[in-house]
Structure formats: C-alpha cells, structure tokens
Amino acid sequence: MILLDNLSKTYESKKVSVGALKNVTLKIEKGDMFGIIGYSGAGKSTLIRCINLLERPDSGKVVINDIDITALSPKSLRKQREKIGMIFQHFNLMNRRNVFDNVAYPLKGKGLNKVQIEEKVIKLLELVGIKDKVYSYPSQLSGGQKQRVAIARALANDPEVLLCDEATSALDPQNTRAILNLLKDINQKLNLTVVIITHQMEVVKEVCNRVAVMENGEVVEKGSILDIFSNPKRGITKEFVANTMGYDNLEDVINQGFLKNSSSYELTVKISFVGQAAGQAFISKISIDYGILANILFGSIESLQGVSFGSLIVSFSGNSAKIHEAIEFLEENNIKVEVLKENGIIKSNNAQCS
C-alpha cells in the first residue's frame, strides 16, 4: 500500500544542518495499523508528513498504490492527496465553523449537492459517535470530541490511508483509549490503512499490528508487534518495551539480590516466553527437577493479537552446574533466557531489558 524508499530530509539553517531523515525505507501493507514510534527529534513527524508530501524529501520515493507521488505534477498530487486523510495532535478545526461545516469543508467542489453533503456528513458523524454534536462549535467540545470531528473530516473524501500525527497526545487516558478504539474500528470497517506516529509504546501496543522504531532520523528496528515486544533488539526499543511492561526500573529489581552473603552460586536472568509457554509452570518444574532455589523478582504477562507473551526476572541460587542445566532446559523449550546478573555482578549489556 505504501512504500517509502530511501527517504532523506535535511533541514538547513545558518548555523546548523539537521538530518531529520536518513535513508528511511519502510513497507506498509494495505489494512495495516502501522505504528511509528520514537522520542522527540527522532524524525517521525517529518516521516509521516513526507507520506503526503506536506514535507518533500530531499531524495527517495514515496509510492502509494503503485503511484510514485514524488513524481506527480502539483495538480495530480492534489488529486492524490484526497485519498490520504490526516489528523493532528491539536485537531486543527476551524473555530468559527460548527461541527457540520468542519466535516463538510473537504466536500466543497466535489460535485455533490446539498442533500448528498448532508447525508455524508451525518453518516460520518454517526461513524465517529458524535451525531448529537452536529451544530456545536469546537469551543463547546471536549478534546476527545474535537478529535472525533477531525477524524470525520479526514474521512470525508473516502481516503485509503489515514495518517495520525500524535493524535492522542493531547488527550487524557480515557479519551485516548476511546480514540484508539475508534481508529481500530474504522480500520476494520473501512479496510483503511492507518499510520500512527507516537512517542508512547502503550498506544502502539493497544492498536497496531506492526511498528517501526526511529532514532536520530533512522528506522533502527521494525517488525510485528509481537516480535518487537517479545524480542526487542535495539537499546531504544528495549527501553520503550520496558517502560510499557513495567520493568523500566530493572537495575533496582536485579539489585534486590536473592541470598545476600551466601556462598551459593547465584544467577539473575530475564526469561521471555511466547504462546503456550506462557501458561506452563516452568519455574516450579526446574526448581524441583534440578534442586535449585528460584525467587521471582518481577513478572509480567500480556496478550497481543490473541497470543500470550511475558517476562520474568528470576534469581536462581544453588549448584552452578545445575542452574546452567536448568537454563538449557528452558532454552530447549523455546524460552529465551538472558543473564542479567552473575554472583553480584550486573552484566553491562543489560542496562535495559530485552
């Protein structure tokens, strides 16, 4: 549906040159709920604005439905943009127009008569759940209601792609969940491809099926939501996942220790499991079978797209050989084991959980 091919974008000023995008390549399939996540300055907002050429890349191509829109004439580009809706963090509504007129605005000049416009606007307002606010003004609406109006307006031209630039960042948690559920519902009902820019991994986890992680203008990691959450590889991805899963204070957890001043061999590990393994009592089994003590310092189990996955931070104490045999057993059962701390020494490459 969308191919971003080797996009680069640099902003120049008198004193500094900033590489906002550096050879970014992404493929987004039709019907995806695709998340692009990164901290402020990562380049994610520049990237999403390049999809509809609100920002034109210095090099590279943007291909939508097999059309290279970077090669289009201004007139053809305007026509193509009608199939790309966009919503923003601060709604961008026209304050002097009521809800009806805000949603109807993109339909002007489309050859529709008054009755057709009214039918379409009402249908869109029903879809986003605010038909009762049809004659209200933006100043009379809550933040969540304003974003619903913005979504209805973005859908007015029956787009194939909906771009969401930090669409929930200005909302409270309750409205954030409601808007995310609405976007998921629209994605399913209209088979709409949705691209969500965010700095919140919780947003990605809630609705997306695929995600790309950006840092310093580059895509550093990408994949399915389950892959990214169950097996993040880059430091920034590990940080996002740790914050979302609740083990962002990992160093404090593994510093709790198990048997202080003990002569026993001690190993603290992070155990990650996906699917059926999540429901099996492996910790109890290896404690009994291998005669080692196990202390669970932290545990988290989630479900993504119907698949269970989770992580445990476990401190083992006992015979060194038996502990390593137990770890081999876990790995043979497709459970990932990462050593965090050995005999009181924290492994330097585990500043963040993976």
From the list L26, L47, L7, pick out the single residue that is touching a Pro at 6+ places or on another chain (Cβ under 8 Å) and crowded, with 17+ Cβ neighbours inside 10 Å.
L7
Which of the residues spanning the range 74-120 are of a type in the set (F, W, Y), within 17 Å of L162 (Cβ to Cβ) and either in contact with a helix residue (DSSP H, G or I) (Cβ under 6 Å, 6 or more places away or on another chain) or assigned to a loop (DSSP other than H, G, I, E, B) (or both)?
F91
Every listed condition ((1) in contact with a Phe, Trp or Tyr (Cβ under 9 Å, 6 or more places away or on another chain); (2) closer than 22 Å to L162 by Cα) holds for A71 save (1)
Going through the range 182-221 in order, the residues found to be part of a helix (DSSP H, G or I) and over 14 Å from the mean Cα position of the chain (by Cα) are L182, D185, I186, N187, Q188, K189, L190
Quick check on E126: is it within 31 Å of the chain's Cα centre (by Cα), not in a loop (DSSP other than H, G, I, E, B) and not aromatic (F, W, Y)?
yes
Enumerate the pairs (first residue in the range 228-249 and closer than 17 Å to E215 by Cβ; second residue anywhere and at pLDDT below 80 and hydroxyl-bearing (S, T, Y)) with beta-carbon separation below 6 Å, excluding pairs fewer than 6 apart on the same chain, so at least 6 apart or on different chains.
P232/S354; K238/S354
Test for E218: is it over 21 Å from S308 (Cα atoms) and either charged (D, E, K, R) or without any contact (Cβ under 8 Å) to a residue 40 or more places away in the chain (or both)
yes
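The values are calculated or read from the model by the stated rules, or taken from the named source; none is laboratory data. Quick caveat, the model's predicted, so the values are computed rather than measured. Here the Cβ is made from the backbone with ideal geometry for all residues, glycine too, and neighbour counts use every protein chain on show.
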